[in-house]
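Before anything else, here's the structure in question.
The values are calculated or read from the model by the stated rules, or taken from the named source; none is laboratory data. Just so it is clear, the model here is predicted, and its values are computed rather than measured. When we count neighbours, we look across all protein chains shown, and the Cβ atoms used for this are built from the backbone with ideal geometry, even at glycine.
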Amino acid sequence: MIDFRPLTETDFPRLCDWLNRPHMRAHYQKVPVEIADVEKKYSPRLSPSHPTRCHLACYQGEPFGKIQCYLLQDYPDFAAEIGEDDGVAIDLFIGDERFMGQGLGKAMLRSYVQDVVPSLFSGTLNCFVCHAKANKVAIRCSLSAGFRPHRDVIEGGEASLLLLFGRST
């Protein structure tokens, strides 16, 4: 149902547009961004040697969200912040509001964890997502995708919930 493709430079205008939408500004991208900001942040991530793997999620061929993953060991400051150093962290959002409220976030996350992450990081044990406690929609999405609450953390100064998708889930 959901297909993934690597993020490309031609996706930057779409990504910039998504990041500036009101629903994204509430929890994910709190300050406006310009295309130069997107290029600066995401251009390095296009390299196969970069530790963060970025993808667009597509439904019936149309991009609707962004999802990325990385080994926690490649980001020791973040790993220390959440109190985990082994596994994969996943960040995601639905950028196009037309696709919200249809179960596509759940489908995107579950499919990514089951199909994409193992193909990128063989032998990886656990996957983690971290959401601000105020972001109830994201927490419900991750729970519906099969993640379970792991522990409360402070991420970026904000009370957050770390959720775990273990291989036994």
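Out of the stretch 56-86, which residues are more than 15 Å from residue 129 (Cβ to Cβ) and either among the hydroxyl-bearing types (Ser, Thr, Tyr) or outside any loop (DSSP other than H, G, I, E, B) (or both)?
Answer for the stretch 56-86, where residues must be more than 15 Å from residue 129 (Cβ to Cβ) and either among the hydroxyl-bearing types (Ser, Thr, Tyr) or outside any loop (DSSP other than H, G, I, E, B) (or both): 56, 58, 59, 62, 63, 64, 73, 74, 76, 77, 80.
Determine which member of the set 90, 139 is in contact with a His (Cβ under 7 Å, 6 or more places away or on another chain) and modelled with pLDDT of 95 or more.
After applying the criteria, what remains is 139.
Against the conditions (1) free of Cβ contacts under 8 Å to residues at least 12 places away in the same chain; (2) of a type in the set (Lys, Arg); (3) not in a loop (DSSP other than H, G, I, E, B), where does residue 14 fall short? Just the number, please.
In the conditions (1) free of Cβ contacts under 8 Å to residues at least 12 places away in the same chain; (2) of a type in the set (Lys, Arg); (3) not in a loop (DSSP other than H, G, I, E, B), residue 14 misses (1) alone.
Go through the stretch 121-130 and count every residue that is surrounded by 14 or more Cβ atoms within 10 Å (Cβ to Cβ) and modelled with pLDDT under 95.
Adding up the residues that qualify gives 3.
Condition check ((1) over 25 Å from residue 106 (Cα atoms); (2) surrounded by fewer than 15 Cβ atoms within 10 Å (Cβ to Cβ)) across all residues:
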site: 5; (1), (2): no, yes
site: 10; (1), (2): yes, yes
site: 43; (1), (2): yes, yes
site: 48; (1), (2): yes, yes
site: 51; (1), (2): no, yes
site: 57; (1), (2): no, no
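Could you please give the count of residues in the stretch 87-106 that are part of a helix (DSSP H, G or I) and more than 30 Å from residue 76 (Cα to Cα)?
4
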